[in-house]
1. Please give me the summed charge of the neighbours of Gly187: other residues whose Cβ is under 12 Å from its Cβ, Lys and Arg +1, Asp and Glu -1.
2. Taking 0.36 nm per residue of sequence separation and subtracting the Cα-Cα distance, how much length would be gained by fully extending the chain between Tyr120 and Leu29, in nm to one decimal?
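What follows draws every value from the coordinates through simple rules; no lab data is involved. Everything numeric here is computed off the predicted structure, so don't read it as measured data. Neighbour counts run over all protein chains shown; Cβ positions are idealised from the backbone, glycine included.
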Amino acid sequence: MSTQRLLSLEPEPARHLWLIVLVLGLIGLMIVLMTAPAQGLLGGSAEAIRGALHGTAAGLFMVTATIGLFQGYRLFAGQARSVAELQVGSVVNAALALFTIVLGNWVYIPYRASGGPRSYFLEHAPEIHKVFFEFKEFAALFTLPLTVAAAFILIFYGASAVRRKDLSTLVAVLLALVFFYFLVAFGLGAAVTKLKSV
């Protein structure tokens, strides 16, 4: 089956994918808000909501970055089935990268505050701050331009991005780099949180 035929299999259902993603996200949010014990999930810290929002965005980004890696592999192997599915996934990936970074910067404020984890790490183990947090912060920032570039190529070039080997390879590499930088940032962020939370 040729790439052209594969790309034309799902034109209509994929258009409604935006709505499906939005509705499922809202349903999931409502279930969490109605059933989760808020104090148990958030903890006692004054910054708990910031951390919970950042953690939720990072968890969702983990899912979409993993899906993006798989879609990048399928794109590279010439097995992509729906351009619209790739476009929706890449835009959701870019939006979650943005939300995770913005919320991460919001969490960074109490991290740097006097008496916060940064002060503790600089006093007791400065290498943890330099490697675990500063490196993590800058590695995480790479995810945004990478996801935006992948989304732009897929939207601007459409089906041509799948048919042209140079563009499909570029998008696949971008999505693989997104996954790598996200994984580094997520792992180091979780380590910092376990050592001393905000």
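1. +2
2. Taking 0.36 nm per residue and subtracting the Cα distance, the gain is 29.3 nm.
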